[in-house]
1. About the Cα centre, and with charges only on the beta carbon of Lys, Arg (+1) and Asp, Glu (-1), how big is the dipole of the protein assembly as shown? Nearest 20 debye, please.
2. Which three extents, in whole angstrom, do the alpha-carbon atoms of segment A:118-165 cover along their principal axes, largest first?
3. Where the only charges are on Cβ atoms (+1 Lys, Arg; -1 Asp, Glu), what is the dipole of segment B:121-189 about its Cα centre, to the nearest 20 debye?
4. How far, in nm, would the chain grow between A:Glu211 and A:Glu146 when pulled straight, counting 0.36 nm per residue and subtracting the alpha carbon separation?
5. What is the spin-label model distance, in nm, from A:Asn70 to B:Ile106 if the labels are put 7 Å beyond Cα along the C-beta direction?
6. Within 10 Å of each Cβ in B:83-91, how many Cβ atoms from other chains are there, averaged over the peptide?
7. Considering the options B:Leu56, B:Gly209, B:Val5, tell which one lies farthest towards the positive end of the dipole of the protein assembly as shown, charges being +1 on Lys and Arg and -1 on Asp and Glu at the Cβ, about the Cα centre.
8. For labels at B:Glu188 and A:Arg139 in the simple 7 Å Cα→Cβ model, what's the distance in nm?
There are 2 protein chains.
Amino acid sequence: MKHTVLAGGVGAARYLQGAVEAFDPADVTAVVNVADDVTLHGLRVCPDLDTCTYTLAEAIDPKRGWGLVNESFKAMAALRRYGGLDWFSLGDQDLGTHLYRTQRLIEGATLTEVTAEICDGWGVRATLLPVSDDPIETRVTLGTGEEIGFQEYFVRLAHSVEISSVRFVGAERAKPSAEALKAIESAETLVIAPSNPAVSIQPVLAVGGIEAVVRARRSQNVAVSPIVGGRALKGPADRMLRELGEQATVVGVARRYQALAATLVIDEIDSEFAGEIEDLGMRVIAVPTVMSEPGVARALAETCHRAGVPR
Amino acid sequence: MKHTVLAGGVGAARYLQGAVEAFDPADVTAVVNVADDVTLHGLRVCPDLDTCTYTLAEAIDPKRGWGLVNESFKAMAALRRYGGLDWFSLGDQDLGTHLYRTQRLIEGATLTEVTAEICDGWGVRATLLPVSDDPIETRVTLGTGEEIGFQEYFVRLAHSVEISSVRFVGAERAKPSAEALKAIESAETLVIAPSNPAVSIQPVLAVGGIEAVVRARRSQNVAVSPIVGGRALKGPADRMLRELGEQATVVGVARRYQALAATLVIDEIDSEFAGEIEDLGMRVIAVPTVMSEPGVARALAETCHRAGVPR
């Protein structure tokens, strides 16, 4: 069997952890967002890829939800001596990853190749594929009209400001990775992970050709709502959806995904919306989706897989 | 008064420490070699500048002679997980310096500007000036005929192989920094620090225009021999000079510097060579020069300054 996941950061990483418990990790592939990658201090930083890798390696910091556990921040403290840019905190061990990635990219390796090497380093057996080896950059327009980079919005401003739109610079020109396309096309089930629809999943779909390939296999695709009880479990997805003029409910999520997936998995708490979602032409499965509870991620992956496999 | 020093790494740094004890640090300027700078993992690393800065900040690791005291190496350990390039060890706090420098260079700052900012961060009051803001790269040809970068020779191979020549790629085209030229021209005394003549001082002189400006004021220039009793106090200067077909003695040093400085300061232990050096047209001053002994660096700086000031 093959189980492929369109993935952003934390929500996708937790889902993937469930998938590798449920299935042979060699059958699990994630096609990961790269539009919030950023070059800081000359180093190439790929937050979503690293969150997935570190989570699957069981090395993620469980409190922060990003970076490595038992981390120190001495380089950052030293940087402050010079008044350096320190709003994007890079741990000392985490820096090892960025140093390695940057060196390999300078040497001419693709991001796909480097990501495989980094996964090997951690013994991660699932396959993580950047959606493209080309750079894509999420830009966020604030309520004030100013446009800034995604990490500036997300980290520097702690996503505490109103936004009016997002765009993915370079996405249309970006070539989807051959491996990613194949993983989408050949999957028994394709899952849209419970990641931020606007800034994690959309920039994966926006890469030239990806959305069409996803749509073409809609009946075997299963989306998991990142909105539970009208709120994002982590991050600003709920607020962002509202600010972008959408509904921050499972129905809003269904509107986003109705052309892409035949099935929407929602949390039990949102069962009341099932009818509205079915009216949009999607099948609804209501199960526990809050993956901080033990066993939920694994059961969710099993549910999703069954829902995608043709009967 | 103004006291300017042509500087490489450790020997120069110790001399500068003596100079800021002897004089008002605001009067002390170092024109520093940049030809062993290297880009590693995308980060710009400037070993000689940093050794001078950290030494003047009293933050250098006294045991290793490079990098910061109380340093950890977690990023490097993490890099090894991936089999990354780890022969040039960058400490976690030291990485803060390279992150800052790289970010500022990307933003368009000159190396001269960034160096001033880094010195400010450490409260270093002497002025450190890269000889040029342009990149220069020392390349070393080994006895085998293979040519490699300086840090590969110096660090990766621990300078344990025979060399046949060195060259400074980009030196002739490099524009000397206006500040460095002015510091050389306006100095009461110009000191050639006891650094490796072949790979620390020569690439400073090789920058277009620098050697001519130094020669033009020969009578006020004072060189300090890095060779004591036929040996380099640190590093491979003695072996390198021999391998380049020169004498690894104070006389060999005098031959290198006779057109550049009117005075050569040698260690007392080498007094026997005074006549031979005077025959080359240089005045000789024999004093203690081993700066690991307390008070020697300060006295040496005072001696040098007096020797350069016209009477």
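Read the figures in this text as sums done on the coordinates, not as results from a lab. No experiment lies behind these values; they were computed from the predicted model shown. Note that each Cβ is placed from the backbone with ideal geometry, even for glycine, and that neighbours are counted across all protein chains shown.
1. Details: 60 positive and 82 negative charges, 52 e Å.
Around 260 debye, computed over the protein assembly as shown.
2. Projected onto the principal axes, the Cα atoms of segment A:118-165 cover 45, 22, 12 Å.
3. Details: 7 positive and 11 negative charges, 27 e Å.
Dipole magnitude for segment B:121-189 comes out near 140 debye.
4. On the way: separation 65, 0.36 × 65 = 23.40 nm, distance 2.87 nm.
The span from A:Glu211 to A:Glu146 would gain 20.5 nm if fully extended.
5. About 3.0 nm separates the two model spin labels.
6. Details: counts 4, 10, 5, 3, 0, 0, 0, 3, 4.
Other-chain Cβ atoms within 10 Å of each residue's Cβ, averaged: 3.
7. B:Gly209
8. The modelled label-to-label distance comes out at 5.7 nm.
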